[in-house]
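Enquirer: I'd like to ask some things about the structure below.
The values are calculated or read from the model by the stated rules, or taken from the named source; none is laboratory data. As the structure is a computational prediction, the values presented were derived from the model and not from experiment. Every residue, glycine among them, receives a Cβ derived from its backbone with ideal geometry; neighbour counts consider all protein chains shown.
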Amino acid sequence: MSPRRSSPQPVSVQHAMTSADLTPVPSPERRGESMIDMHGVVKTFKSAAGEFTVLKGIDLTIYRGEFVSIVGKSGSGKSTLLNMITGIDHPTAGRVVIGGTDIYTGVTESQRSKWRGRNLGIVFQFFQLMPMLTLLENVMLPMDYAEMYDFDERPKRAMELLELVGLEKFANKLPVLVSTGQQQLAAIARALACDPPLLVADEPTGNLDTKSADVIIDLFEELSRRGKTIVMVTHDPSLTSRTTRNIIISDGELINETVAKALPWLRHRHMLEFSKLVQTEIYPPKATIISRDEHVEKFFMIHKGEVEVVLFDRKHGETIISRLKPGEFFGEIELIRGGKSIANVRAGANAPVEVLTIRREDFQRVMEQSPITAEALAKIVQERLKEHRAADSRSGRGLFSFFRRRP
Amino acid sequence: MNSNPSSQPIIELRDVVKVYSTAAGDFPALKGINLQVRAGEFLGIIGKSGAGKSTLLNMITGVDHLTEGEVLVHADGSSVSVHRMKEDEIAFWRGRTMGVVFQSFQLLPMLTLVENITLPMDLCGNFHPKRSRERALELLRLMEIEEHADKFPSLISGGQQQRVAIARALANDPPILIADEPTGSLDSVTADHIFELFQRLVEEQGKTIVMVTHDQSLAPRFSRTLRITDGELDQADLAEADLRSGGRRKK
C-alpha cells in the first residue's frame with residue numbers, strides 16, 4: 001500500500017490516477033478504514049418552479065467491508081445520495097472522499113469516469129446488460145473501458161467472475177436467454193470486473209422474485225466477507241435485516257442510527273425529529289446515570305458501551321437485573337408510567353458509555369403522535385417490570401413500596 | 001439505406017419450429033411459422049404473453065437456436081441463412097444488420113448516453129472512433145435527446161432512456177430494427193412519442209421494423225399487423241380484418 005492512499009489527507013483524483021497504487025486491493029485487513037466520507041453534502045435542483053434541496057447537508061462515514069443498506073421513502077433523496085457516491089451527479093456543496101480520493105475537487109468528468117471504472121462497481125434495478133453481447137462479453141466490457149488486465153487475460157477473468165456468481169454454464173448465452181435473476185447476477189459479475197473495492201447497488205432486487213433476491217443478497221454477504229464494501233439502496237425492509245448497517249434518509253437528512261435502532265416503530269419524520277433533538281452524554285465506567293427513587297426527566301438510548309440496571313439492598317448487596325447494549329434504551333418506564341426511578345442505572349464496568357437523551361416533553365409529545373411506538377414500548381415496560389418484580393422480591397424489597405410512593 | 005419499400009422480402013421464415021425441452025416434457029413455442037417481411041415494412045406482431053412473440057424475434061435475430069426450418073435475411077446485398085452461421089460470424093453479422101430494442105432499456109449505467117451509443121460502433125468497428133461520437137450525437141438529435149448527451153442514464157426518465165436505447169440500436173445503421181415490447185414499461189403519452197419515432201424511422205430512413213407487443217390498440221398503427229396465438233401466426237392482416245368487421249382504422 002502506498003502511504004498516500006492510507007494517509008488521512010484525501011488525494012485528488014488526478015493523484016490517484018497517477019499513483020502507482022491504482023489497482024484497488026480488496027483487503028479484509030483494511031476493514032475499519034473509512035471507505036466513503038461525506039462532509040456537508042448538499043444537493044439543490046433548480047427547476048422552473050424554483051429551487052429544491054434534495055440533500056440538506058449529509059455527513060456520513062462508511063467503513064471498508066461494511067454491507068450498508070440505505071432506505072427511505074420515495075423522494076427522500078436516497079438515489080440522489082447514491083449518485084453523489086458514484087459521481088453520476090454532482091453535489092451543490094460539500095465534499096465526498098472515497099477510498100482516500102476527493103472525487104469532486106478539481107477533477108474533470110473524464111478523469112472521474114476513469115476513476116469510477118476502476119474503483120466502483122454499480123448495479124441497478126434494471127439489468128443493463130448489452131442485449132447483443134453474451135454474458136461473458138458483457139462482463140469483459142468494463143475491462144475494455146478501464147483498460148485493465150491484458151487483452152488475453154480478460155476472458156479468463158470474466159469467466160472466474162461468472163463462476164463466482166454461478167453462471168459459468170451460461171457464459172456464451174445472450175441475456176434474453178437467461179432468467180431475470182441470472183441477468184442481475186451477470187450484472188453484478190460485470191460490476192466486479194475491475195475488482196473495485198466498492199460496490200454500489202440501487203434497488204438491485206426490486207425487479208426480482210423473493211428467491212432470486214435471496215441469491216443476490218447471499219452473494220453480497222459473501223462479497224462483504226471478502227472485504228468489499230457494499231452500499232445498497234432498497235425499499236424492502238426484509239433486506240435491511242441482512243445488512244451490517246442500516247441508514248435511513250428522510251426528507252434529505254440522515255436519521256441518527258441509534259434512534260432508528262432503539263425506536264424502529266417510529267415514522268421516519270419522528271425519527272428525524274428525535275435525531276435533531278438528541279443530546280449526547282458520556283459516563284465513565286461504573287458512573288451512575290440514574291439513581292433509584294430519583295425523578296427521571298429523560299429518555300436514554302445507548303449509543304456506545306453498556307449499562308447495568310442494578311438493585312441494592314442491605315442483605316444481599318447488589319443485584320444486576322440486566323445489561324443493556326447499544327441500540328437499547330432505558331428511562332421509558334418512568335416516563336410512561338410517571339414517577340421516580342425503580343432501579344439504578346450505571347455505566348458498564350469496562351468502558352465509558354455514550355448515551356443519547358431526549359427530554360421528557362419531547363418524548364411524550366412524539367409518543368402521543370405514534371401510537372404504534374407507545375404500544376410497543378408499553379409491552380416492553382410490562383416485560384421489564386416483570387423481571388424487575390422478580391428481582392426486587394429476591395432482593396427483599398417489594399415493588400409495592402415503590403408504587404405507594406408514586407406522586 | 002433502403003428507402004424504397006419493395007415486394008422483395010428482407011426477412012423470410014420458412015416452417016420455423018421451436019420446441020423447448022423441459023422436465024415436464026417438450027413444449028412447442030413455435031409450430032411452423034412462415035413469414036415474409038418486406039423491406040420498408042413496419043410489421044407489428046400482436047399476441048398474449050406466452051404466445052411465442054419473443055421466441056419468434058429470437059429466431060430472427062439468431063439469439064436462440066431453432067428446432068426446424070430456416071430463417072433467411074436478404075440485406076445489404078447479401079442473403080444469409082441466419083441459423084447456418086457460426087457463433088462468431090452471427091454476432092458480427094447481427095451487429096451490422098439488426099438493431100434490437102427491448103422493454104427494459106439496458107443502457108450501461110456507468111457510461112454517459114453518448115458513450116452508450118458509441119459502444120456498439122466501437123465493438124463493430126464500422127465507424128472510425130472520431131466519427132463515432134459525431135454519429136452518436138446525430139442519433140441523439142434524431143431521437144430528440146441530444147441535450148442530455150453527457151448525462152448518465154439514471155438521471156433521465158424511462159422514456160428518455162428508451163429513446164437512447166433506440167439510438168443505440170441504430171448506431172451501426174442496420175437496415176432492420178427488431179423491437180420487443182419497446183413501450184411496455186412506459187406511460188401512454190411517452191409510449192406514443194416512442195411509437196412516432198419508430199414510424200419516422202420507417203418513413204424517413206427506410207428502415208424495416210418488426211415489433212412484437214401485447215397491446216392490441218397499436219394494431220392500426222403498423223403498416224401490417226399479424227396475430228400470434230399458441231405459436232401459430234394468423235396470416236390475415238389484423239388491422240384490415242378489423243376494418244372489415246366495421247372497426248375504424250386511424251390514418
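Enquirer: When you look at B:ALA171, is it in contact with a Lys or Arg (Cβ under 8 Å, 6 or more places away or on another chain) and within 13 Å of another protein chain (Cβ to nearest Cβ), yes or no? Before the answer, list the steps.
Expert: Numbers: in contact with a Lys or Arg (Cβ under 8 Å, 6 or more places away or on another chain): yes; within 13 Å of another protein chain (Cβ to nearest Cβ): yes.
Yes.
Enquirer: Does at least one position in region A:202-212 carry a residue that is in contact with a Gly (Cβ under 6 Å, 6 or more places away or on another chain) and over 25 Å from A:GLY100 (Cα atoms)? Give the derivation first.
Expert: From region A:202-212, those in contact with a Gly (Cβ under 6 Å, 6 or more places away or on another chain) are A:208, A:212; that's our starting set.
Still in the running and over 25 Å from A:GLY100 (Cα atoms): A:208, A:212.
Scanning region A:202-212, I find at least one residue that is in contact with a Gly (Cβ under 6 Å, 6 or more places away or on another chain) and over 25 Å from A:GLY100 (Cα atoms), so the answer is yes.
Enquirer: Quick one: which of A:GLU354, A:GLU273 is under 29 Å from A:ASP251 (Cβ atoms), charged (D, E, K, R) and touching a helix residue (DSSP H, G or I) at 6+ places or on another chain (Cβ under 8 Å)?
Expert: Of A:GLU354, A:GLU273, the one residue that is under 29 Å from A:ASP251 (Cβ atoms), charged (D, E, K, R) and touching a helix residue (DSSP H, G or I) at 6+ places or on another chain (Cβ under 8 Å) is A:GLU273.
Enquirer: Name the residue that is nearest to the other protein chains (Cβ to nearest Cβ), counting only residues in region A:108-158 that are among the β-branched types (Val, Ile, Thr) and within 18 Å of B:LEU123 (Cα to Cα). Can you show your working first?
Expert: First, the residues of region A:108-158 that are among the β-branched types (Val, Ile, Thr): A:108, A:122-123, A:134, A:139.
Add one more test, that the residue is within 18 Å of B:LEU123 (Cα to Cα), and what stays is A:134, A:139.
Numbers: A:THR134: 8, A:VAL139: 12 Å.
My answer is A:THR134.
Enquirer: Evaluate the following for B:LYS130: is it within 14 Å of chain A (Cβ to nearest Cβ), surrounded by fewer than 19 Cβ atoms within 10 Å (Cβ to Cβ) and over 26 Å from A:LEU177 (Cα atoms)? Spell out the reasoning first.
Expert: Values: within 14 Å of chain A (Cβ to nearest Cβ): no; surrounded by fewer than 19 Cβ atoms within 10 Å (Cβ to Cβ): yes; over 26 Å from A:LEU177 (Cα atoms): yes.
So B:LYS130 fails the test.
Enquirer: Go through region A:343-364 and give me each residue that's part of a helix (DSSP H, G or I) and either loosely packed, with under 14 Cβ neighbours inside 10 Å or among the hydroxyl-bearing types (Ser, Thr, Tyr) (or both).
Expert: Here is the first cut: in region A:343-364, the residues part of a helix (DSSP H, G or I) are A:360-364.
Answer for region A:343-364, where residues must be part of a helix (DSSP H, G or I) and either loosely packed, with under 14 Cβ neighbours inside 10 Å or among the hydroxyl-bearing types (Ser, Thr, Tyr) (or both): just A:GLU361.
Enquirer: Mind listing whichever residues of region B:20-64 are within 14 Å of chain A (Cβ to nearest Cβ) and among the hydrophobic types (A, V, I, L, M, F, W, C)?
Expert: B:ALA29, B:LEU56, B:LEU57, B:MET59, B:ILE60, B:VAL63
Enquirer: Among the candidates A:ARG384, A:ARG323, A:ARG359, single out the residue that is touching a helix residue (DSSP H, G or I) at 6+ places or on another chain (Cβ under 9 Å), basic (Lys, Arg) and modelled with pLDDT of 90 or more.
Expert: On the way: A:ARG384 fails: modelled with pLDDT of 90 or more; A:ARG323 fails: touching a helix residue (DSSP H, G or I) at 6+ places or on another chain (Cβ under 9 Å).
Unique residue meeting the criteria: A:ARG359.
Okay, residues lined up against (1) more than 30 Å from B:ASP64 (Cα to Cα); (2) modelled with pLDDT under 90; (3) in a loop (DSSP other than H, G, I, E, B):
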| site | (1), (2), (3) |
| --- | --- |
| A:PRO155 | no, no, no |
| A:ALA158 | no, no, no |
| A:GLU163 | no, no, no |
| A:GLN182 | no, no, no |
| A:ASN207 | no, yes, yes |
| A:LYS211 | no, yes, no |
| A:SER224 | yes, no, no |
| A:VAL231 | yes, no, no |
| A:LEU239 | yes, yes, no |
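Enquirer: A further question on this structure: If you scan region A:108-145, which residues turn out to be surrounded by fewer than 21 Cβ atoms within 10 Å (Cβ to Cβ), in contact (Cβ under 8 Å) with a residue 60 or more places away in the chain and in a loop (DSSP other than H, G, I, E, B)?
Expert: Scanning region A:108-145 gives a single hit, A:GLN125.
Enquirer: Would you call A:LEU161 within 14 Å of chain B (Cβ to nearest Cβ) and surrounded by 21 or more Cβ atoms within 10 Å (Cβ to Cβ)?
Expert: Details: within 14 Å of chain B (Cβ to nearest Cβ): no; surrounded by 21 or more Cβ atoms within 10 Å (Cβ to Cβ): yes.
No, not satisfied.
Enquirer: Could I ask something else about it? Checking the conditions here, which among B:ASP150, B:ASP122 is charged (D, E, K, R) and more than 26 Å from B:ARG94 (Cα to Cα)? Walk me through how you get there before you give the answer.
Expert: On the way: B:ASP122 fails: more than 26 Å from B:ARG94 (Cα to Cα).
On inspection, the qualifying residue turns out to be B:ASP150.
Enquirer: Moving on to the next point. What are the residues in region A:201-247 that are crowded, with 22+ Cβ neighbours inside 10 Å and within 14 Å of another protein chain (Cβ to nearest Cβ), if any?
Expert: Passing the criteria: A:ALA201, A:ASP202, A:PRO204, A:VAL233.
Enquirer: Sticking with this structure for a sec: Just the residues that are within 12 Å of chain A (Cβ to nearest Cβ) and on the phi > 0 side of the Ramachandran plot, please, taken from region B:82-127.
Expert: B:GLN106 - this is the single residue of region B:82-127 that is within 12 Å of chain A (Cβ to nearest Cβ) and on the phi > 0 side of the Ramachandran plot.
Enquirer: Tell me, which residue of region A:90-132 that is touching a strand residue (DSSP E or B) at 6+ places or on another chain (Cβ under 7 Å) and among the charged types (D, E, K, R) is nearest to A:VAL41 (Cα to Cα)?
Expert: Among them, the one singled out is A:ARG95.
Enquirer: With respect to A:TYR149, determine if the residue is out of contact with any Pro (no Cβ under 7 Å at 6 or more places or on another chain), modelled with pLDDT under 90 and either part of a loop (DSSP other than H, G, I, E, B) or buried (at least 24 other Cβ atoms within 10 Å of the Cβ) (or both). Quick ask: steps written out before the conclusion?
Expert: Values: out of contact with any Pro (no Cβ under 7 Å at 6 or more places or on another chain): yes; modelled with pLDDT under 90: yes; either part of a loop (DSSP other than H, G, I, E, B) or buried (at least 24 other Cβ atoms within 10 Å of the Cβ) (or both): yes.
Criteria met by A:TYR149.
Enquirer: Among the numbered criteria (1) at pLDDT below 95; (2) surrounded by fewer than 16 Cβ atoms within 10 Å (Cβ to Cβ); (3) in a strand (DSSP E or B), which one does A:GLY40 miss?
Expert: (1)
Enquirer: Quick one: would you say A:LEU254 is surrounded by 22 or more Cβ atoms within 10 Å (Cβ to Cβ) and modelled with pLDDT of 95 or more? Before the answer, list the steps.
Expert: Numbers: surrounded by 22 or more Cβ atoms within 10 Å (Cβ to Cβ): yes; modelled with pLDDT of 95 or more: yes.
For A:LEU254, the condition - surrounded by 22 or more Cβ atoms within 10 Å (Cβ to Cβ) and modelled with pLDDT of 95 or more - is met.
Enquirer: Let me ask something additional. Testing A:GLY327 on (1) more than 14 Å from A:LYS298 (Cβ to Cβ); (2) touching a residue at least 12 places away in the same chain (Cβ under 8 Å); (3) under 28 Å from the mean Cα position of the chain (by Cα); (4) not in a loop (DSSP other than H, G, I, E, B), one condition comes back false. Which one is that?
Expert: Condition not satisfied by A:GLY327: (4).
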